[in-house]
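First comes the structure, then the notes that go with it.
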Amino acid sequence: MAKIKFGQLISEASGKVGGIVFSKNKYGAYTRQKVSPINPQTTAQSRVRQFLASAAGAWKALTEAQRLAWKNAVSEWKKTNIFGDAQVLSGFNLFCKCYKTAKDIGESVLSTYAGSAAPVGVTSLSGEFDADPEALSLTFTPAIPLDEKWLLFATAPVSKGKTFVKSEYRLIKVLASTDASPYAAVADYKAVFGTIPLESETAFVKLIPVLKSSMKSGIALSAKCTWAA
């Protein structure tokens, strides 16, 4: 799906042309390829549907005052799209975002809106593989605060020349204040990917901090892992 920002000559478009569908939602105009819907019932699809059903049920169970608080808070969670235009979530989408974050870090779901305070964040991150014995050592600063959890993502082994891996990260561990730097992550890595890279390969790691009280995520920091000399 590609996003579009129209100018003065063309303000909007809808419909389909040559297999390309023009449409818009609350976040702006976009295009997508026209495809016939399929439903392979994959495990990933089932997980997403279960999550959406669970989140919708949790939203429905809130009091009207709680839902109103989530709706009134959306201006505190603004973000910008690739064009630099401000985007504002709906109250339901904001609740779902925090709901998913809570599930990801293993904390209780927030029913009452708890503010938009952000985590301290990660200031440095590096990773090093070793073959004998197999190891993946992550060094980061600062120490993880008591009121935060950090999501640790990694990629499968890739060639050392590869740099664009944005869509290839998978969650391998949720780190807490008891996980000190340097952190031995080889077991977490192998549990997801089966094996560490060959010495002719590498992998990328990424940390995303989350403040437990608000479920707000901080700025992600990523690093390309090196090999021990």
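Each reported figure results from applying straightforward, stated rules to the coordinates on display, with no laboratory input. Predicted model, so just to flag it, every value in this text is computed and none were measured. Please note: Cβ atoms are built from the backbone with ideal geometry, for glycine as well, and neighbour counts cover all protein chains shown.
Overall, the stretch 124-227 carries a charge dipole of about 520 debye about its Cα centre when +1 sits on the Cβ of Lys and Arg and -1 on the Cβ of Asp and Glu, all other atoms neutral.
If each residue's Cβ is checked for other Cβ atoms within 10 Å, how do Ser90, Ser137, Ser217 rank with the fewest at the top? Write down the numbers at each step before the final one.
Numbers: Ser90 12, Ser137 17, Ser217 20.
Least to most surrounded, the residues fall as Ser90, Ser137, Ser217.
The charge dipole of the stretch 113-177, taken about its Cα centre with unit charges on the Cβ of Lys, Arg, Asp and Glu (plus for the first two, minus for the last two), comes to roughly 320 debye. Comparing Val174, Gly218, Pro133 along the charge dipole axis of the stretch 124-227, the residue lying farthest to the positive side is Gly218, per the Cβ-charge model.
Alpha-carbon geometry of the stretch 124-227: the Rg and the Dmax are 13.3, 42 Å, given in that order.
Can you compute the FRET efficiency between Ala102 and Thr139 using 1/(1 + (r/R0)^6), with r the Cβ-Cβ distance and R0 = 30 Å? Round to the nearest 0.05.
On the way: r = 28 Å, r/R0 = 0.94.
After rounding, the FRET efficiency stands at 0.60.
If R0 is 45 Å, the Cβ-Cβ spacing of Leu198 and Glu76 corresponds to a FRET efficiency of close to 0.45. Across the cross-link table entries Lys60/Lys212; Lys78/Lys160; Lys60/Lys216; Lys173/Lys212; Lys162/Lys216, which are compared at the Cα atoms, the separations over 28 Å belong to Lys78/Lys160; Lys162/Lys216.
Kindly provide the trypsin sites (Lys or Arg not before Pro) of the stretch 56-155 that DSSP labels as loop, not H, G, I, E or B, and whose Cβ sees at most 16 other Cβ atoms within 10 Å. The partial results should precede the final answer.
Values: sites: Lys60, Arg67, Lys71, Lys78, Lys79, Lys97, Lys100, Lys103, Lys149; in loops: Lys78.
Loop-located and lightly packed - Lys78.
For the stretch 45-105, the alpha carbon convex hull comes to 99 Å³ per residue, rounded to a whole number.
Neighbour counts of C-beta atoms inside 10 Å place Phe140, Phe204 in the sequence Phe204, Phe140, starting with the fewest. Each pair of Cα atoms in the stretch 170-227 enters the Kirkwood radius, and Stokes-Einstein at 37 °C and 0.692 mPa s then converts it into a translational diffusion coefficient of 250 µm²/s.
Sorted fewest first by neighbouring Cβ atoms within 10 angstrom, Leu171, Leu89, Leu146 come out as Leu146, Leu171, Leu89.
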